[in-house]
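The block underneath contains the structure these notes are about, expressed in structure tokens.
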Amino acid sequence: MIIITLLLLFWGFFYQN
Amino acid sequence: MADITTIAIVTIYCLLMIGIGGWASKKVKNTEDYLVAGRSLGFWVFVLLMVGTVCSGMSLLGVSGLGFKFGWPTIWEQIFVPLSIAFCIIFFGVKLHAITRETGYITVQDYLAHRYDSPMTLRTLSAIAGIIVSFVYLVGQYTAIAIVLMWLFEIPLWLALIIATLVVTIYTTIGGLYAVAWAALIQSLILIGGVLIMAPIIIFYAGGFTHVNEFMASVDPNLVQPWMPGGMVFTPSYLVSFGILLMIGLACAPHVINNVLAVKDARLFKWAPLLGFLIYGVVMFLLKFAGFAGIVLVKEGVFTLPDVANAQDFVILYGIQNAIPHIALWSIFAVIVLAAVMSTTDRLMLTIGAMFSWDIYKKIIRPDAPDKQVLLISKVVVVLSALVTMILALNPPEMLAFLIWMGIGIMLSTFAVPLLAGLYWRRATGTAAIVSMALGLISAGIFGAYYQYIEKLPLHFSFYAVLVSLIAMIIVSLATEPVSEKILDETKTGWFIRCPEK
């Protein structure tokens, strides 16, 4: 749960058309 | 019989939903408004629509039921089901939305027909498979609603079904996706608020979370393990195949994936995956823990479950009945279940309407059909799908739980490979997509029946069907001519999620 939350946080911060 | 407060609370909820339908019906001017809400969905409406679509009535009762029966080894569904929302947005949504801005797709079948250059065969096959799995899923939903309404009001099944069907059919038919999306906003808030209040009360009533876990360990040590040893159902390898099934299968379900076409602005994909995952994750954990509390309550003799095949599905109902000694509060739980069921059924009915009126009627039978006619057919099909479902749910097939799992398994093995290969692999061809989809559908049926009736397989049956579908996709693609570069560029095919700047 925590790992996935971190991954999705990562996605949000790097999501740039 | 229920008292006046209960009837009032449920009635207020039903009228609110019909009111949203009335408001939405004023915004529906054409088929695009009806089927994709004029592509107007903002952040919270979209996130809560995804939560509401994925969270069904069966998951509400079934999550705590599974926790009650098998304990901690089943918590993996809490990780993978909410993750399907994030998976759908990231791996399907971002790219599909970017293509749709230029092409104006109404359904995912529009994408498949375009990308694979197969305007007839693939579209028909995909729409028919989508309609079948949506129906299976829909019947399961109505059965869940019947369980709850019969429990609360002590009314006969047919009356419970008519009430639930009537409300959801009215607002879906008149308001289309506008009504479905805004109703989902309210329904998801009811669901989240309700579970946040109800689940802790049940856990506290059973003696608190620590006590529940100590009690479970004393009943059976396997109940507090993350998975079961070999020879049991939930072994690690089974759990992984089961988790992937849930995550990808739900993500490419027609009623879930089509939501991404209705989004207003791609910027919303930045935080929607995280929020959708967290909101639904918390709800599911609480429901599961309420199921754990049920183990204590049943073993200590606080209540006994009814003597039926799916007795564990009643555990949360009985937990509430005992932990909360006032009947008016039970009706709030009934509204929570109604909200969970309706937020899934309305989307399913609309999806069936869209696949029939747009993919089959407008795109195949009568390409020159005027927009008003397509809109009317959508509405008629929504009403018909409600009627057919209600008749099926009056005499639910005995294998209902099996059918629902079968539905998700078929979604995965039919749609996952053609969608993922289409979006990311430029070499995937139309012939391969047709073969892959057809073989996935057929082998899901064969492996599913084998698993159910002949012998248990070490991995979830859909895993084998997906493998067949994937192998077919690769072999047939390499043996056939690729799709033209022009189409591949139009559909932004390649190993990327964000489209490179032109």
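Which residues, taken from region A:1-14, are at pLDDT 90 or above and facing chain B (nearest Cβ under 7 Å)? Hits for region A:1-14 are A:Ile4, A:Thr5, A:Leu8, A:Leu9, A:Trp11, A:Gly12.
Could you list, in sequence order, all residues of region B:253-273 that are touching a Ser or Thr at 6+ places or on another chain (Cβ under 7 Å) and either within 14 Å of another protein chain (Cβ to nearest Cβ) or part of a loop (DSSP other than H, G, I, E, B) (or both)?
B:Lys264
Among the residues of this structure, B:Ile89 counts as one that is out of contact with any Asp or Glu (no Cβ under 7 Å at 6 or more places or on another chain) and at pLDDT 95 or above.
Working only within region B:365-404, note down all residues that are outside any helix (DSSP H, G or I) and of a type in the set (Lys, Arg).
Listed by number, the list holds a single entry, B:Arg366.
The residues on offer are B:Val195, B:Val212, and the sole one that is farther than 30 Å from B:Thr414 by Cβ and modelled with pLDDT of 95 or more is B:Val212. Taking (1) modelled with pLDDT under 85; (2) in contact with a helix residue (DSSP H, G or I) (Cβ under 8 Å, 6 or more places away or on another chain); (3) surrounded by fewer than 21 Cβ atoms within 10 Å (Cβ to Cβ) in turn, B:Asn395 satisfies each apart from (2).
Look at B:Val81 and say whether it is closer than 20 Å to B:Leu191 by Cβ and surrounded by fewer than 24 Cβ atoms within 10 Å (Cβ to Cβ). Yes. Taking (1) touching a Lys or Arg at 6+ places or on another chain (Cβ under 9 Å); (2) more than 14 Å from chain A (Cβ to nearest Cβ) in turn, B:Pro236 satisfies each apart from (1).
Among the residues of region B:358-391, those identified as buried (at least 21 other Cβ atoms within 10 Å of the Cβ) and polar (S, T, N, Q) are B:Ser378, B:Ser385, B:Thr389.
Just to be sure, is B:Val139 modelled with pLDDT under 95, farther than 30 Å from B:Val10 by Cα and not charged (D, E, K, R)? No, not satisfied. Against the test of being out of contact with any His (no Cβ under 7 Å at 6 or more places or on another chain) and either under 22 Å from B:Arg101 (Cβ atoms) or surrounded by 23 or more Cβ atoms within 10 Å (Cβ to Cβ) (or both), the options B:Ala479, B:Ala438, B:Ala472, B:Ala428 yield a single qualifying residue, B:Ala428. Per the conditions (1) surrounded by fewer than 24 Cβ atoms within 10 Å (Cβ to Cβ); (2) closer than 17 Å to B:Trp76 by Cβ, the sole criterion not satisfied by B:Val219 is (2).
Okay, residues lined up against (1) farther than 20 Å from B:Met342 by Cβ; (2) within 10 Å of the chain's Cα centre (by Cα):
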position: B:Leu48; (1), (2): no, no
position: B:Val51; (1), (2): no, yes
position: B:Cys55; (1), (2): no, yes
position: B:Val63; (1), (2): no, no
position: B:Phe68; (1), (2): yes, no
position: B:Gly71; (1), (2): yes, no
position: B:Thr74; (1), (2): yes, no
position: B:Phe80; (1), (2): yes, no
position: B:Leu83; (1), (2): yes, no
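In this structure, B:Ala393 does satisfy being within 30 Å of B:Ala311 (Cβ to Cβ) and among the small types (Gly, Ala, Ser). In region B:409-425, the qualifying residues are those that are assigned to a helix (DSSP H, G or I) and surrounded by fewer than 19 Cβ atoms within 10 Å (Cβ to Cβ), and the one that is nearest to the chain's Cα centre (by Cα) is B:Leu420.
The single condition among (1) under 30 Å from B:Thr165 (Cα atoms); (2) in contact with a Lys or Arg (Cβ under 9 Å, 6 or more places away or on another chain) that B:Ala266 does not meet is (1).
When you scan region B:289-296, do you find a residue that is within 14 Å of chain A (Cβ to nearest Cβ) and closer than 20 Å to A:Leu7 by Cβ, even just one?
No.
When the test is whether a residue is away from chain A (no Cβ under 13 Å) and among the aromatic types (Phe, Trp, Tyr), B:Phe285 does not pass it.
The single condition from (1) buried (at least 24 other Cβ atoms within 10 Å of the Cβ); (2) within 14 Å of chain A (Cβ to nearest Cβ); (3) more than 16 Å from the chain's Cα centre (by Cα) that B:Phe277 fails is (3).
Taking B:Met120 as the residue in question, decide whether it is within 14 Å of chain A (Cβ to nearest Cβ), farther than 30 Å from B:Leu305 by Cα and aliphatic (A, V, I, L, M). For B:Met120, the condition - within 14 Å of chain A (Cβ to nearest Cβ), farther than 30 Å from B:Leu305 by Cα and aliphatic (A, V, I, L, M) - is not met. The set of residues in region B:17-49 that are among the β-branched types (Val, Ile, Thr) and within 24 Å of B:Ile85 (Cα to Cα) comprises B:Val36, B:Val45, B:Val47. Among the residues that make up region B:306-319, is at least one of them within 27 Å of the chain's Cα centre (by Cα), assigned to a loop (DSSP other than H, G, I, E, B) and of a type outside the set (Gly, Ala, Ser)? Yes, there is a match, as at least one residue in region B:306-319 is within 27 Å of the chain's Cα centre (by Cα), assigned to a loop (DSSP other than H, G, I, E, B) and of a type outside the set (Gly, Ala, Ser). Among residues of region B:304-343 being aliphatic (A, V, I, L, M) and surrounded by fewer than 16 Cβ atoms within 10 Å (Cβ to Cβ), the one that is nearest to B:Gly62 (Cα to Cα) is B:Ala309.
The values are calculated or read from the model by the stated rules, or taken from the named source; none is laboratory data. Keep in mind that what you see is a predicted model, and the values were worked out from it rather than measured. Because the Cβ atoms are built from the backbone with ideal geometry, glycine has one as well, and the counts that use them run over all protein chains shown.
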